[in-house]
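The values are calculated or read from the model by the stated rules, or taken from the named source; none is laboratory data. Quick caveat, the model's predicted, so the values are computed rather than measured. Heads up, the Cβs are rebuilt from the backbone with ideal geometry, glycines too, and the neighbour counts pull from every protein chain shown. Areas reflect the complete protein model, heavy atoms only, side chains present, ligands, DNA and RNA absent. Shrake-Rupley method; radii C 1.70, N 1.55, O 1.52, S 1.80 Å.
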Amino acid sequence: MEEIIKTLYSGVQPTNNLTIGNYIGTLRSWRGLQENYNCIFAAANMHAITVRQNPAELRQKTLSLVALFLACGVNPQKSIVYVQSHVPAHAELCWALNTFTYVGEMERMTQYKDKSSRHADNINMGLMDYPVLMAADILLYQTDLVPVGLDQRQHLEIARDIAVRFNNAYTPTFTVPEGLYPKMGAKIADLQDPAKKMSKSAENPNGAVFLSDDKDTVMRKFKRAVTDSENAVKYNPESKAGVSNLLTVYCAFSGKSLEEAEKEFEGKGYGDFKLAVGETVADSLAPMQAEHKRLLADKAYLESVMADGADKAEKLARKTLSKVYKKIGFYQI
Ligand code: TYM
C-alpha cells in the first residue's frame, strides 16, 4: 500500500525581530520535519497588519523572513515557502469560516485580550478575527500537524473546533489538525522576567535574544539574565524559573539533555553557566546569520522562491476552497 505522507503547516509573522523563542519553539524543527512530511511554511503578513505596521518595513521584513526560513534549513525544492497575501484563498476561506465562529469565542482568546490592552487605540476587527484567519491558513491545506510554541495552542484548538463544526454541518471537508509542540522549549521565557514569554515585542530589550544579535549582545544579555540566590544549576521551573529557562535554551542549542547539562555545571556558579549558555547560543546563531545575510543579498532568488511557493500553495488552497464553496451553496459557474 502506498504510504500516505502527512501534511505539516506553520507560519511566522514578519514583525519585529525574531527571537530565540521563535527559533526554539518552532523554526529549528523545520529542517528535520521536511524529511518526513509535506511541509508548507508561510510568512504571515496578513496577520501582521492586525497591529499597525510601517509599510516599507513590513515589505522588507517579509523578504527577510523568507530568507530566514531558508537560512534555518528549509529547502524550497522540498517544502512550500510562500507569503500569505500572495494566496487570496486565505482571505476567502477566512470569510466563510467567520460564519462558523462565535464572537464570544474570539473575545475569550488570551492573545486578543493581551493585544487589545497593549494597543487600546486600535482594537480593530482584524485583531479579533486573527484566529479565524489562522484557522483558514491551516485548514486550506488539509493539514495534519502544526508545529508551534505553546502560546499558539489556544488558536490551534479553535482551528480544530471550527473544522469539526464545519465537518458536522455538512460532510467531512477539513482534516482536523493536531498541534506539534516541542518537548522542551515550547515556551521560552523572557530573560529579565521569567514569568513572561520571550517576545519579539519585549518591552525590555534585554529580555529577548534576537536571532540577529551579534555575539557581544548575546553574551551581555545572558550575563544579565535573572536567576536566583541559590547558585545551583538545577532544573525546576516552579522554584527556579530563570535558571530552568537558561538550561532549556542551553539544551536546545547544544543538543544536550537536561541531565547532561546539570552534570556539566555541577559545582559551578551562575557566572560560568551564563557564559557557556551565551557562547553556545552565539556560536550556533553565527552560521545562520551568515547564510541569512548571503540570501538577503539575492533578492531575485528570494522572489523566485516566493513566486514558486505561491503558485504551489494556491493550487492546493483552491481545491479546498472550491469544496467549501460547493458545500455552503455558492453558485458555481
Ligand atoms: P509568531 O510570529 O508570534 O511566532 C512564531 C512561532 O514562534 C513561537 N513562539 C515561541 N515558542 C517558544 N517560546 C516563545 N517564547 C515563543 N514565542 C513565539 C510561536 O508559537 C510560533 O510557533 N499566529 C502565528 C503565526 C501563524 C501561524 C499560522 C502559525 C499564522 N498562521 C498557521 C501556525 C499555523 C504567530 O503569530 O506566530
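Being more than 27 Å from Lys315 (Cα to Cα) and within 12 Å of the ligand (Cβ to nearest atom) is the filter here; which residues of the range 128-152 pass it? Even if it seems obvious, please write down each step before you answer.
So in the range 128-152, the residues more than 27 Å from Lys315 (Cα to Cα) come out as 128, 149-151.
Answer for the range 128-152, where residues must be more than 27 Å from Lys315 (Cα to Cα) and within 12 Å of the ligand (Cβ to nearest atom): Gly149, Leu150, Asp151.
So which of Lys187, Lys200 ends up being among the basic types (Lys, Arg), open to solvent by 10 Å² or more (accessible area, probe 1.4 Å) and at pLDDT below 95?
Details: Lys187 fails: at pLDDT below 95.
Residue meeting the stated conditions: Lys200.
Would the range 15-30 turn up any residue that is of a type in the set (Val, Ile, Thr) and more than 10 Å from the ligand (Cβ to nearest atom)?
First, the residues of the range 15-30 that are of a type in the set (Val, Ile, Thr): 15, 19-20, 24, 26.
Subsequent filtering for residues that are more than 10 Å from the ligand (Cβ to nearest atom) retains none.
Scanning the range 15-30, I find no residue that is of a type in the set (Val, Ile, Thr) and more than 10 Å from the ligand (Cβ to nearest atom), so the answer is no.
Residue check, Ala202 against (1) assigned to a loop (DSSP other than H, G, I, E, B); (2) hydrophobic (A, V, I, L, M, F, W, C); (3) near the ligand (Cβ under 9 Å from one of its atoms), all met but one. Which one?
Looking at each condition in turn, Ala202 falls short on (3).
Any idea how many residues of the range 149-199 are in contact with a Pro (Cβ under 8 Å, 6 or more places away or on another chain) and hydrophobic (A, V, I, L, M, F, W, C)?
Matching residues across the range 149-199 total 5.
So in the range 153-179, with the set limited to residues that are more than 10 Å from the ligand (Cβ to nearest atom) and under 17 Å from Cys39 (Cβ atoms), which one is most open to solvent (accessible area, probe 1.4 Å)?
Here is the first cut: in the range 153-179, the ones more than 10 Å from the ligand (Cβ to nearest atom) are 154, 157-158, 160-176, 178.
Now restrict to residues that are under 17 Å from Cys39 (Cβ atoms): 175, 178.
Details: Thr175: 42, Glu178: 97 Å².
This residue is Glu178.
Tell me the residue from Ala307, Ala286, Ala317 that is surrounded by 17 or more Cβ atoms within 10 Å (Cβ to Cβ) and in a helix (DSSP H, G or I), please. Spell out how you get there, then give the answer.
On the way: Ala307 fails: surrounded by 17 or more Cβ atoms within 10 Å (Cβ to Cβ); Ala286 fails: surrounded by 17 or more Cβ atoms within 10 Å (Cβ to Cβ).
Ala317 is the lone residue from the list that is surrounded by 17 or more Cβ atoms within 10 Å (Cβ to Cβ) and in a helix (DSSP H, G or I).
Picking from Gly207, Gly242, which residue would you name as being within 11 Å of the ligand (Cβ to nearest atom), crowded, with 17+ Cβ neighbours inside 10 Å and of a type in the set (Gly, Ala, Ser)?
Numbers: Gly242 fails: within 11 Å of the ligand (Cβ to nearest atom).
When all the criteria are applied, what remains is Gly207.
Hey, can you tell me all the residues within the range 124-134 that are over 12 Å from Ile158 (Cα atoms) and open to solvent by less than 60 Å² (accessible area, probe 1.4 Å)? If you could, list the steps in order and put the result at the bottom.
First, pick out the residues of the range 124-134 that are over 12 Å from Ile158 (Cα atoms): 124-128.
Result: Asn124, Gly126, Leu127, Met128.
Do we have Gln77 as closer than 27 Å to Gly207 by Cα and more than 9 Å from the ligand (Cβ to nearest atom) here? Lay out the reasoning, then the answer.
Values: closer than 27 Å to Gly207 by Cα: no; more than 9 Å from the ligand (Cβ to nearest atom): yes.
Against the criterion (closer than 27 Å to Gly207 by Cα and more than 9 Å from the ligand (Cβ to nearest atom)), Gln77 does not qualify.
What are the residues in the range 54-81 that are of a type in the set (Ser, Thr, Tyr), without any contact (Cβ under 8 Å) to a residue 60 or more places away in the chain and in a helix (DSSP H, G or I), if any? Give the steps one after another, and end with the answer.
The initial filter retains those residues of the range 54-81 that are of a type in the set (Ser, Thr, Tyr), namely 62, 64, 79.
Of the ones still in play, those that are also without any contact (Cβ under 8 Å) to a residue 60 or more places away in the chain are 62, 79.
Once the filter is applied, which keeps residues that are of a type in the set (Ser, Thr, Tyr), without any contact (Cβ under 8 Å) to a residue 60 or more places away in the chain and in a helix (DSSP H, G or I), the range 54-81 yields only Thr62.
Out of Gln111, Gln84, which single residue is in contact (Cβ under 8 Å) with a residue 12 or more places away in the chain, in contact with a strand residue (DSSP E or B) (Cβ under 7 Å, 6 or more places away or on another chain) and not charged (D, E, K, R)?
Values: Gln111 fails: in contact with a strand residue (DSSP E or B) (Cβ under 7 Å, 6 or more places away or on another chain).
Just one listed residue meets the conditions, Gln84.
Limited to the range 12-30, what total is found for residues that are crowded, with 24+ Cβ neighbours inside 10 Å and in a strand (DSSP E or B)?
The qualifying residues number 1.
Give the number of residues within the range 160-191 that are without any contact (Cβ under 8 Å) to a residue 12 or more places away in the chain and in a loop (DSSP other than H, G, I, E, B).
Looking only at that region, the number is 2.
Pick from the range 126-159 the residues that are part of a loop (DSSP other than H, G, I, E, B) and among the β-branched types (Val, Ile, Thr): which of them is nearest to the chain's Cα centre (by Cα)? Walk me through it before giving the result.
Looking only at the range 126-159, we keep the residues that are part of a loop (DSSP other than H, G, I, E, B), and these are 141-144, 148-149.
Subsequent filtering for residues that are among the β-branched types (Val, Ile, Thr) retains 143, 148.
Working: Thr143: 16, Val148: 5 Å.
Only one residue tops the list, namely Val148.
How about the range 31-57: which of its residues are open to solvent by 30 Å² or more (accessible area, probe 1.4 Å) and either among the aromatic types (Phe, Trp, Tyr) or within 9 Å of the ligand (Cβ to nearest atom) (or both)?
If the condition is that a residue be open to solvent by 30 Å² or more (accessible area, probe 1.4 Å) and either among the aromatic types (Phe, Trp, Tyr) or within 9 Å of the ligand (Cβ to nearest atom) (or both), then Tyr37, Met46 are the ones that fit.
Quick one: in the range 91-123, of everything that is open to solvent by less than 40 Å² (accessible area, probe 1.4 Å) and assigned to a loop (DSSP other than H, G, I, E, B), which residue is nearest to Asn45 (Cα to Cα)?
Per the stated criteria, the residue is Met109.
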